[in-house]
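To start, the structure under review is shown below, and the notes come after it.
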Amino acid sequence: MTLAQNPARGPALRIGVIGAGRVGAVLAAKLMTAGHHIVAAAGESDASHARIAALLPGVANEKPTVVARSSDVLLLTVPDDMLANVVSMLAASGALHDGQYVVHTSGRHGLAVLEPAVQAGARTVAMHPAMTFTGTALDLDRLDGCVFGLTAGAAERRFAEALVADLGGRSTWVPEEMRTLYHAGLAHGANHLVTLVSEAMELLAAAGVDEPADTLRPLLTAALDNALDQGDAALTGPIARGDVNTVRAHLDDIAANAPQTLASYVALARATLARVVTDGRLLPIRALKINQLLDEALAEARAPRTRTRETR
C-alpha cells in the first residue's frame with residue numbers, strides 16, 4: 001500500500017525538497033502526481049529555478065530552513081559532499097522537528113550522515129534511485145519500476161517502502177555498511193558505460209562512420225541485454241577468442257587515430273582477459289601474449305617524443 005492510499009495516514013503528506021536538481025525536482029513531481037502536497041522547494045541555480053517552474057508549477061522556491069520547517073517529509077537531494085553540512089545546518093538552526101521524516105537520496109551515504117536530524121527528533125531514511133536523470137518530465141515514466149536502494153531503521157521500514165511505492169518504484173534493502181559498495185557498483189556500471197560508449201563513438205567517427213550512435217545502438221543494446229542475462233558468458237570478440245593479431249592491429253590504429261581512448265581500451269582489455277582466463281575459455285599462454293601487447297602499447301604511448309631542432 002502506498003502512503004497516498006493508506007487511510008491511516010490521513011491527508012496527503014506535506015513534502016519539501018532541498019536541492020531542486022535533476023533528481024529532487026523529478027521525485028517531488030512524481031510524489032505530487034501521487035497525491036501529496038509539495039509545500040516548497042529550495043534551489044539556488046538558474047537551472048533549479050527552471051526545473052521548479054517546469055515540474056512543480058505553483059511551488060514556491062524558499063530557503064532551506066523554510067522548506068524544512070513546513071514539511072512532514074523532507075527530501076534532501078543535494079550532492080553527496082554537501083549532505084553532511086546541510087543536515088548539520090538544518091539541525092543547528094532548529095528547522096527540523098520531532099516526528100518529521102528526513103530522507104536523503106545519496107547512494108553513497110546511509111543513516112549515519114543524518115544523525116544530527118535524529119538528535120533533533122526526526123526519523124531518517126536513505127533512499128537512492130538506481131536511475132540516471134535528465135531533470136525533465138521524461139524521467140517521470142522512467143521511475144515506474146525503478147529500484148530504490150533503501151536503508152532505514154525497523155520503525156521506518158514500512159514508511160520507506162510506501163514512499164518508494166508512491167514514486168512508482170521497487171525497494172531493495174542495502175545494509176548501512178554496504179552503501180558505498182552498492183553505489184560503486186551503480187556508478188561503475190552507468191557512469192563508466194557513458195564514458196565507454198562516448199569513446200567508442202569517437203573511434204567510429206575517426207574511422208569515417210557517418211552516424212556512430214546509430215551504428216552502435218543495436219549492437220550495444222544486444223550486448224547489454226546479453227550481459228545482464230548471461231554475465232561473462234555473453235563475452236565475444238577478439239579478446240575472448242584470443243586473436244592476438246587483431247588486438248595488435250586495434251592498438252596500432254587507436255594509437256594513430258584516437259589516442260585519447262587507448263588507456264581505457266587497454267584497461268578493459270586486461271579486465272576482459274582475466275575473466276576469460278578464469279572461466280577457461282582462453283589459455284593463459286594466449287592471454288600472456290595479449291598482455292604483452294597491451295604493455296607495449298602503453299609504454300610506447302607514454303614514451304617522450306624526441307624533438308629535433310633545426311640548426312642554424
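Residues in region 187-215 that are under 17 Å from the mean Cα position of the chain (by Cα) and open to solvent by 60 Å² or more (accessible area, probe 1.4 Å): HIS188, ASN191, HIS192, LEU193, VAL194, THR195, LEU196.
A Cβ distance below 7 Å, combined with a sequence gap of six or more or placement on separate chains, defines the contacts here; from region 193-213, residues that are more than 12 Å from ALA258 (Cα to Cα) reach no residue that is surrounded by fewer than 11 Cβ atoms within 10 Å (Cβ to Cβ). So for region 133-144 (the condition being closer than 26 Å to ALA53 by Cβ, open to solvent by less than 30 Å² (accessible area, probe 1.4 Å) and among the acidic types (Asp, Glu)), does at least one residue qualify? Within region 133-144 (the criterion being closer than 26 Å to ALA53 by Cβ, open to solvent by less than 30 Å² (accessible area, probe 1.4 Å) and among the acidic types (Asp, Glu)), the answer is yes, since at least one residue qualifies. With respect to the conditions (1) buried (at least 16 other Cβ atoms within 10 Å of the Cβ); (2) under 17 Å from PHE159 (Cβ atoms), ARG69 lacks only one, and its number is (2). Applying the selection to region 234-245, what residues are in a helix (DSSP H, G or I) and either closer than 16 Å to GLY189 by Cα or touching a helix residue (DSSP H, G or I) at 6+ places or on another chain (Cβ under 8 Å) (or both)? Hits for region 234-245 are ALA234, PRO238, ILE239, ALA240, VAL244.
Without any contact (Cβ under 8 Å) to a residue 24 or more places away in the chain and among the β-branched types (Val, Ile, Thr): is that true of VAL118 in this structure? Let's see the steps before the verdict.
Details: without any contact (Cβ under 8 Å) to a residue 24 or more places away in the chain: yes; among the β-branched types (Val, Ile, Thr): yes.
Criteria met by VAL118.
Note on region 35-66: among residues that are closer than 13 Å to ILE18 by Cβ and part of a helix (DSSP H, G or I), the one that is most open to solvent (accessible area, probe 1.4 Å) is VAL66. Taking first residues from region 53-74 that are modelled with pLDDT of 95 or more and partners that are among the basic types (Lys, Arg), the Cβ contacts under 9 Å between residues at least 6 apart in sequence or on separate chains come to SER70/ARG14; SER71/ARG14; ASP72/ARG14; VAL73/ARG14. For PRO175, the requirement of being touching a strand residue (DSSP E or B) at 6+ places or on another chain (Cβ under 8 Å) and open to solvent by 60 Å² or more (accessible area, probe 1.4 Å) is met.
For region 253-266, indicate whether the set of residues that are within 27 Å of the chain's Cα centre (by Cα), open to solvent by 60 Å² or more (accessible area, probe 1.4 Å) and not acidic (Asp, Glu) is non-empty. So that I can check it myself, show each step before the final result.
Step one: of region 253-266, the residues within 27 Å of the chain's Cα centre (by Cα) are 260-266.
With the extra rule that they be open to solvent by 60 Å² or more (accessible area, probe 1.4 Å), the set shrinks to 260, 263.
Still in the list and also not acidic (Asp, Glu): 260, 263.
The answer is yes; a qualifying residue exists.
The values are calculated or read from the model by the stated rules, or taken from the named source; none is laboratory data. What you see is a predicted model; the values in this text were computed from it and never measured. Note that each Cβ is placed from the backbone with ideal geometry, even for glycine, and that neighbours are counted across all protein chains shown. To get the accessible areas, we keep the full protein, side chains included, count just its heavy atoms, and leave off ligands, DNA and RNA. Shrake-Rupley method; radii C 1.70, N 1.55, O 1.52, S 1.80 Å.
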